[in-house]
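One structure is given here, and the rest of the page talks about it.
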Amino acid sequence: MNEIWNLINEMSPYLLLGFGFAGILHAFVPARIYRRYLGGADFRSVLWAALIGVPLPLCSCGVIPTAMSLRKEGASRGATTSFLISTPQTGLDSILATAALLGIPFAVMRPVAALVTGLLGGLLVNYLTRCEPDESACSAQCASEQTAQKGFGRRLLDALRYGFVDMIQDIGRWLIIGLVIAGLIAVFVPDDFFLKYAGTPLASMAVVLAISIPMYVCATGSIPIAAALMLKGITPGAALVLLMAGPASNMASMLVIRKVMGRKTMWIYLLSITLGAIGFGLIIDYLLPVEWFTQSIVQSHACCHEQPALFKVICSVVLGVLLIYALIKRFTRKNDTTMDKREFKVDGMMCNHCRANVENAIKSVEGVTDVTVDLASGTASVQGNASDESIIQAISDRGYSAAKK
């Protein structure tokens with residue numbers, strides 16, 4: 001518990017700042033801006049997808065419905081893949097938290113690696129699937145803007161709600177899990193456990209990669225795990241492999257990509273993440289001064305045993321209150337149970353991005369007058385005269401499965 005508390009004190013100011021930036025991006029950048037630059041199977045669309053994805057604070061489950069929505073609205077297969085790879089690896093919140101706990105060099109390498117791997121995956125998909133038909137043309141219903149113009153005050157409230165409620169609902173559990181795992185590693189893993197890999201960085205990267213790809217961990221939650229592993233003797237390059245591969249993929253995302261975009265795209269997606277993680281890991285271990293990546297972590301570990309500053313403690317308390325509020329709100333949200341509403345069971349929703357995507361998909365169906373989606377129970381409550389089949393099809397088009405209750 002002492003190790004976990006020390007980690008929270010180091011990260012909380014940067015996490016709060018990052019959540020604020022996340023809300024501003026969500027509320028003040030129109031969705032049409034993203035769609036405008038992602039169409040076309042060319043280098044420009046792939047580059048824009050990676051550039052847009054790098055600062056967005058979406059986890060690997062949250063990025064799936066977002067990417068599927070962009071795909072439905074006209075994004076090319078390569079641009080969608082680039083967005084899928086680059087977005088979950090990093091974000092404004094995780095960059096700031098990385099700088100706080102692992103140092104500036106790691107904070108610089110993460111977005112660079114995310115950008116390069118996103119470009120690699122997107123270009124490979126465009127090249128290797130160029131002969132396959134691309135059915136991403138968007139319909140008038142799906143391309144239309146769902147949100148009306150809002151004033152500055154309303155957008156500011158949306159930014160606060162998204163950054164400090166919705167975002168914390170999405171990654172709060174995984175952030176806590178990451179901190180707990182880091183604390184357990186720091187206490188229970190022997191100091192010499194990874195020494196046998198010290199002379200063979202490639203072997204340690206392979207071990208970390210095999211564990212990271214199927215595992216779910218958000219970009220922010222992976223930071224304390226990487227820090228704890230480095231203190232146990234793992235190389236900085238292998239730590240970067242965890243920071244890249246852990247957030248970029250998990251079993252759920254692989255299955256959705258295979259279903260919506262095909263088996264070939266899924267394998268290219270995994271290959272790009274693997275090659276990129278190992279390549280940047282080898283660059284750190286063999287081409288860059290190791291002191292750049294170890295000095296900050298040692299200083300951070302030493303500071304963790306000093307009395308934390310009052311400001312950090314206040315930030316940690318605020319973050320704790322927000323976590324408790326967001327998680328309670330997530331699991332106590334109730335549906336409107338009006339009698340004339342039909343209910344559908346939706347499988348595959350993992351975060352508020354999923355919930356919003358399902359809501360927008362159902363709203364786009366002609367005849368739907370009202371819809372409420374409850375994330376905790378996985379239930380969509382729909383009002384209107386639209387057919388059950390059209391509602392289920394709209395949900396399926398976004399990568400989820402649904403059935404009438």
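Take segment 242-291 and flag every residue that is over 25 Å from Leu202 (Cα atoms) and in contact (Cβ under 8 Å) with a residue 24 or more places away in the chain.
Those that are over 25 Å from Leu202 (Cα atoms) and in contact (Cβ under 8 Å) with a residue 24 or more places away in the chain: Ala252, Ser253, Val256, Ile257, Lys259, Val260, Met261, Gly262, Lys264, Thr265.
Looking at (1) in a helix (DSSP H, G or I); (2) modelled with pLDDT under 90; (3) open to solvent by 10 Å² or more (accessible area, probe 1.4 Å); (4) in contact with a Leu (Cβ under 8 Å, 6 or more places away or on another chain), which is the one condition that is false for Leu271?
That leaves (2) as the condition not met.
Could you check how many residues of segment 360-387 are outside any strand (DSSP E or B) and within 11 Å of Glu343 (Cβ to Cβ)? Give the derivation first.
Within segment 360-387, the subset outside any strand (DSSP E or B) is 360-367, 375-378, 385-387.
Remaining after also requiring within 11 Å of Glu343 (Cβ to Cβ): 377-378.
Qualifying residue count for the region: 2.
Among the numbered criteria (1) modelled with pLDDT of 75 or more; (2) farther than 20 Å from Thr98 by Cα; (3) of a type in the set (A, V, I, L, M); (4) open to solvent by 30 Å² or more (accessible area, probe 1.4 Å), which single criterion is violated by Ile33?
Result: Ile33 fails condition (1) only.
Can you tell me which residues in segment 322-353 are open to solvent by 70 Å² or more (accessible area, probe 1.4 Å), at pLDDT 80 or above and not β-branched (Val, Ile, Thr)?
Tyr325, Lys345, Asp347 - these are the residues of segment 322-353 that are open to solvent by 70 Å² or more (accessible area, probe 1.4 Å), at pLDDT 80 or above and not β-branched (Val, Ile, Thr).
Check off (1) at pLDDT 70 or above; (2) in a loop (DSSP other than H, G, I, E, B) for Glu306 and give me the number that stays unchecked.
Unmet condition: (1).
Ala227 versus (1) closer than 17 Å to Leu84 by Cβ; (2) assigned to a helix (DSSP H, G or I); (3) open to solvent by less than 30 Å² (accessible area, probe 1.4 Å): which is the lone unmet condition?
(1)
Conditions: (1) open to solvent by less than 10 Å² (accessible area, probe 1.4 Å); (2) modelled with pLDDT of 80 or more. Cys218 meets all but one. Number of the miss?
Failing condition for Cys218: (2).
Could you list, in sequence order, all residues of segment 354-363 that are crowded, with 22+ Cβ neighbours inside 10 Å and in contact with a Cys (Cβ under 9 Å, 6 or more places away or on another chain)?
Within segment 354-363, Cys354, Ala361 qualify.
Contact list please: Cβ distance under 9 Å, first residue in segment 218-241 and at positive phi, second residue charged (D, E, K, R), pairs at least six apart or on different chains.
So the pair list comes out as Gly233/Asp191; Gly233/Asp192; Gly233/Lys196.
Pick out the one residue from Asp170, Asp191, Asp166 that is more than 22 Å from Leu56 (Cβ to Cβ), modelled with pLDDT under 85 and among the acidic types (Asp, Glu). So that I can check it myself, show each step before the final result.
Working: Asp170 fails: more than 22 Å from Leu56 (Cβ to Cβ); Asp166 fails: more than 22 Å from Leu56 (Cβ to Cβ).
From the options Asp170, Asp191, Asp166, the qualifying one is Asp191.
Please go through segment 243-267 and give me each residue that is among the hydrophobic types (A, V, I, L, M, F, W, C) and open to solvent by 10 Å² or more (accessible area, probe 1.4 Å), ordered by number.
Of the residues in segment 243-267, the ones among the hydrophobic types (A, V, I, L, M, F, W, C) are 243-245, 248, 251-252, 254-257, 260-261, 266-267.
Met251, Ala252, Met254, Leu255, Val256, Val260, Met261, Met266, Trp267, listed by residue number.
The values are calculated or read from the model by the stated rules, or taken from the named source; none is laboratory data. Note that the structure is a prediction, hence the values are computed from the model and not measured. Heads up, the Cβs are rebuilt from the backbone with ideal geometry, glycines too, and the neighbour counts pull from every protein chain shown. The protein model used for the area step is the full one, side chains on, heavy atoms only, and it has no ligands, DNA or RNA in it. Shrake-Rupley method; radii C 1.70, N 1.55, O 1.52, S 1.80 Å.
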